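Student: Can you read through this structure? Questions will come right after.
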Amino acid sequence: MRRITLHTKNTTYQIGIHRLGFLLHLYYGSRTECDMSYLLQAYDRGFSGNPHDAAGDRTLSLDVLPQEFPCYGTGDFRSAAFNVRSLEGVHGVDLRYQKHRVRRGKYALPGLPVVYESEDALKREQRFLTGKMERPVQGTEPHSEEEQEICSGTQGAYTLEVTLADQNVGIKVILLYGVLPDLDVITRSAVVRNVGEKELFLCKVFSCTLDFLRGDYDLLHFHGRHAMERNAERIPVMHGKQSFGSRRGTSSHQHNPFAILAERETTEDYGGCYGMAFLYSGNFSFEAEQDQYHQVRMQLGMSDEMMDYPLSADECLCVPEVAMAYTADGLAALSHIFHKVIREHVCRGRYKTARRPVLINSWEAAYFHFTGEKILKMAEQAAKLGVEMLVLDDGWFGKRDDDNSGLGDWYVNEKKLGMPLARLADKINDMGMQFGLWIEPEMVNEDSDLYRQHPDWAFTIPGRQPCRCRNQLVLDFSRKEVVDHVFEQIAGVLDKVSVSYIKMDMNRSLSDICTLTTESYQNYAKTMHCYVLGVYDFLERMTARYPHILFEGCSGGGGRFDAGMLYYTPQIWCSDDTDAIERIRIQHGTSFVYPISAVGSHVSASPNHQTGRQTKLFTRSVVAMAGSFGYELDLNLVSEEEKDEVKEQIQDYKKYWNLIHNGRYYRLHDPERDREAAAWEFVSGDGTEMLLNVVRLDAHGNAPINFIRCKGLRPKARYRCIEEKRVVREYHSGAPRRDRKQLEGRICDGASLMCAGVPIPMELGEYEAMQVYFRLLDTET
Ligand code: GLA
């Protein structure tokens, strides 16, 4: 069988081209040089149909064979990746191999986020796409029956394009595989073209399928709700199909477009696991299906629910990208792969790896109730303590004193501010601070000038009252004129005010999908997809026009926390729940795929506004430091002692940020199992520095001592504890004291820290934290 083998540094992906043109999946796993087609076993299986051109070979059935892009209608009765309906209503498609080629460089996609090798290479690929530059002729097309192609990527990233076609249906698909050898990542996408004469309808187009010949896997997925996003859940893959996704128009708080398939015995530190991350912010579906022979199919793509995507003759659809990775070294290693790829090869712009300014956000400090003077007072106090940026959240525009009106009217409410916004920003700049602003461009209130002028710009179905949410409607961003208008309005503000940061929010799910233009074709799936493309277009233009601005994504916290958004905004507000103890769980789930630098995380007031829980300022800062750090409270309202503590926290964050953002992150507890303490750790890439963070959860009287075992250190190297910080009670009296140190100054080797661990002192009370910093004392002996 002809084979195409893709190698990364530590993995191998192998595709088989069957003599009848079926594209088979032979292998994905640890690196091997072997011909993996020996794994395929051919037997006559009852009720598993045979292709007509198998010429009576009853052992050939696509119902059993592992495939790259399984189609409905070929005799494979498992869940397909691709299905087409004809104008007459006939379902099914039989794609066969036509040709393939391998070329240097990682492909780009028009209007869609992608993993890239370097930002320069990305720009080059984008110029090829727009036809502004001709692609140098290169690549190979091996055709002989026995020939096989091995791609090892010694010269960096490369792309495999496999062309499949069904002449009868009139459809051509180019499967795209982007290989980033050094990162151990392979991406998948496809371009689907109607090459016939009649209109066709795509009923399902997934981006990525992985077929496994074995069945003993667990599925890890990340579910949640507003203010409690990305809870990690691990469940065995069962017979039948397990599926999750979003039909909310955004990736959603409820399910994240990322999943892991892990071998049953896989832990954080050991075992095989596969991850798939979708670079897309709209409706999606993930499926894990175990079939009758215990084989497993894992796939991810745009949601096929209500999908009937029209393609007229010669029209094509570019399928959003999935990034996948495999490691034999457990879940932490898988997270490290995704952290690096998202941080350095998805996020873009000047803040990609730079330190983000420590900011203070007005939302939980003032909500809608502020004037310019009040904001200046907040800024003044914050500046004194070392905060570097003030962000004015919701309420500065239109008629916006609560959340019932004003969205859509992107002009400054000077009456409320009592001054022009530019003056406010300048005054804040004069304090030595940068200024940031909140926007929610995709939304409109019925009580707004924009809605009164253009009621047809909001999604509504004629003759039906639309569903409101937070008393707002969604603007139809699938229409260019709508995006253009909002863009121009917001740019009108940004051009006049010295703004260094934008929080781009989105506060409801999409409903009442109907495009109210005369020429438009009413199609749910197309409108939903074009909406996402409209949002991406808005962001692409914003980030290009204002390259100095730091963009933070947001959707009621983490309702659109996905790798697609991170291509435009290098950080996302992780959750509207700012309670430190709740955040530990949310940030734990988020860390499986998203880098720490992407996690917007703030110290807010105590008692917490969402839960009423009281926690120490130190605990709140330790938790918020596992992200892009900031404050979300009025610092005029904290005690003098706490002000000093804030100063110290900002210094600490500046000291540790590189280790936190660019180091390796280790989860040291499991929120489902460990009720007594939460712990996580940052280790520098070269293993010379380590920052350990611990928060006591349930406290008990006369409790046994817990030990936290560190990870990722050099076993034989000696480390000195440079700094140990905690706020603890005197064990019996309850009086707070900060001077009891048991580790500071001590020297331990990596083996002892990893094998025996660090004891959690008994006097660390409920919700109290400890932070310990170790540095290499000498080189490995
Ligand atoms: C969303 C965000 C909050 C805040 C409010 C403002 O809920 O997640 O942080 O910006 O909107 O309305």
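Student: For the range 576-606: of the residues being free of Cβ contacts under 8 Å to residues at least 40 places away in the same chain and among the polar types (S, T, N, Q), which is surrounded by the fewest Cβ atoms within 10 Å (Cβ to Cβ)?
Tutor: Only one residue fits best here, namely S606.
Student: Counting only residues that are closer than 15 Å to S281 by Cβ and either assigned to a strand (DSSP E or B) or among the small types (G, A, S) (or both), how many does the range 501-553 have?
Tutor: 6
Student: Ok, one more. Within the range 406-415, is even one residue assigned to a loop (DSSP other than H, G, I, E, B) and open to solvent by 60 Å² or more (accessible area, probe 1.4 Å)?
Tutor: Yes, the range 406-415 contains at least one residue that is assigned to a loop (DSSP other than H, G, I, E, B) and open to solvent by 60 Å² or more (accessible area, probe 1.4 Å).
Residues checked against (1) under 27 Å from Y309 (Cα atoms); (2) buried (at least 18 other Cβ atoms within 10 Å of the Cβ); (3) modelled with pLDDT of 95 or more:
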position	(1), (2), (3)
Y451	no, yes, yes
W457	yes, yes, yes
Q465	yes, no, yes
Q472	no, yes, yes
L475	yes, yes, yes
V482	yes, yes, yes
E488	no, no, yes
G492	no, no, yes
K503	no, yes, yes
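Student: Within the range 527-584, count every residue that is of a type in the set (D, E, K, R) and either within 16 Å of the ligand (Cβ to nearest atom) or within 12 Å of the chain's Cα centre (by Cα) (or both). Walk me through it before giving the result.
Tutor: Going through the range 527-584, the residues of a type in the set (D, E, K, R) turn out to be 537, 540-541, 545, 552, 560, 562, 576-577, 579, 582-583.
Next, from what is left, pick out any that are either within 16 Å of the ligand (Cβ to nearest atom) or within 12 Å of the chain's Cα centre (by Cα) (or both): 552, 560, 562, 576-577, 579, 582-583.
Number of matching residues: 8.
Student: Give all pairs with beta carbons closer than 6 Å in which a residue from the range 343-371 that is touching a residue at least 40 places away in the same chain (Cβ under 8 Å) and within 16 Å of I650 (Cα to Cα) meets a residue that is among the hydrophobic types (A, V, I, L, M, F, W, C) and away from the ligand (no atom under 16 Å from the Cβ); count only pairs at least 6 apart in sequence or on separate chains.
Tutor: So the pair list comes out as R355/W657; V358/V387; V358/I650; I360/A382; I360/V387.
Student: Output the residues belonging to the range 419-449 that are open to solvent by 10 Å² or more (accessible area, probe 1.4 Å) and either aliphatic (A, V, I, L, M) or over 30 Å from L510 (Cα atoms) (or both).
Tutor: Across the range 419-449, the qualifying residues are M419, P420, A422, R423, D426, K427, N429, D430, M431, G432, Q434.
Here's the yes/no breakdown for (1) within 19 Å of the chain's Cα centre (by Cα); (2) away from the ligand (no atom under 16 Å from the Cβ); (3) acidic (D, E); (4) open to solvent by 10 Å² or more (accessible area, probe 1.4 Å):
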{"position": "M306", "(1), (2), (3), (4)": "no, yes, no, yes"}
{"position": "P310", "(1), (2), (3), (4)": "no, yes, no, no"}
{"position": "A328", "(1), (2), (3), (4)": "no, yes, no, yes"}
{"position": "L334", "(1), (2), (3), (4)": "yes, yes, no, no"}
{"position": "H345", "(1), (2), (3), (4)": "yes, yes, no, yes"}
{"position": "W363", "(1), (2), (3), (4)": "no, no, no, yes"}
{"position": "L390", "(1), (2), (3), (4)": "no, no, no, no"}
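Student: List every residue pair whose Cβ atoms sit under 6 Å apart, with the two residues 6 or more apart in sequence or on different chains, where the first one lies in the range 420-438 and is within 16 Å of Y501 (Cβ to Cβ) and the second, anywhere, is part of a strand (DSSP E or B) and hydroxyl-bearing (S, T, Y).
Tutor: That search, which allows pairs on different chains as well, returns G436/Y501.
Yes/no per residue for (1) on the phi < 0 side of the Ramachandran plot; (2) touching a Pro at 6+ places or on another chain (Cβ under 9 Å); (3) of a type in the set (D, E); (4) crowded, with 19+ Cβ neighbours inside 10 Å:
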site	(1), (2), (3), (4)
D495	yes, no, yes, no
M506	yes, yes, no, yes
I513	yes, no, no, yes
P547	yes, no, no, no
F551	yes, yes, no, yes
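Student: I'd like the residue in the range 582-607 that is outside any helix (DSSP H, G or I) and among the aliphatic types (A, V, I, L, M) and, out of all such residues, is farthest from E552 (Cα to Cα).
Tutor: Result: A605.
The values are calculated or read from the model by the stated rules, or taken from the named source; none is laboratory data. The structure presented is a predicted model; accordingly, all values stated were derived computationally and were not measured. Reconstructed Cβ throughout: ideal geometry from the backbone, glycine too, with neighbour counts over all protein chains shown. In case anyone asks, the SASA skips ligands and DNA or RNA and just uses the protein heavy atoms, side chains included. Shrake-Rupley method; radii C 1.70, N 1.55, O 1.52, S 1.80 Å.
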